[in-house]
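**Student:** Quick one: this structure, given as structure tokens, is what I'll be asking you about.
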Amino acid sequence: HVREVLSEIGAGEKTQILVLNKMDAAGQEGVDPAASAARIVGETGVQSVAVSALTGAGLAGLLELIDKTLELDPVEHAVFRIPAADGASLSMLHERARVTGTRYLEDVCEIEADAPESIRKRLARYLA
């Protein structure tokens, strides 16, 4: 049904990822996402990943698949040294990147983050 709707609105050829949630449910251990996707969609070769929103299992794999699939703004790990007074840049980094660590050094915030290329370019002057 979803594919029909996507085709109707001209998005049928867009890259898609089938996310199989609730994989933490009883009896779902060791499920092959590719086999499940083929059974659900009715065809093989569908990009898919199994996740559990409850436990967080599989989310790293989902993010990795998204990064591989959508090469428009690749994500890489980076370290930024942003002045504590630059609230706009700090906010942008926290809103648009996945912050993995923060250290406060006098008047500078050292932030480790998995950041899209677009954000790394905008904050290039702060890259460590």
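The values are calculated or read from the model by the stated rules, or taken from the named source; none is laboratory data. These numbers were taken from a predicted model, which means no experiment stands behind them. For neighbour counting, all protein chains shown are included, and Cβ atoms are generated from backbone atoms with ideal geometry for every residue, glycine included. Ligands, DNA and RNA are excluded from the accessible area calculation, which covers all protein heavy atoms including side chains. Shrake-Rupley method; radii C 1.70, N 1.55, O 1.52, S 1.80 Å.
**Student:** Sequence-distant or interchain residues sharing an amide H contact under 5 Å with residue 18, placed H: which?
**Tutor:** 47, 48, 49
**Student:** May I pose another question? Once the Cβ-Cβ distance between residue 15 and residue 128 is put in as r, and R0 is 25 Å, what FRET efficiency do you end up with, to the nearest 0.05?
**Tutor:** 0.15
**Student:** For a quick check of understanding: with a 1.4 angstrom probe and all protein chains in place, what accessible area in square angstrom does residue 89 have, to the nearest ten?
**Tutor:** Only protein atoms counted, so the area is about 10 Å².
**Student:** What is the set of long-range amide H partners of residue 102 at a cut-off below 5 Å, with H atoms built 1.01 Å from backbone N?
**Tutor:** Residues meeting the criterion, in which the H sits 1.01 Å from N, are 112.
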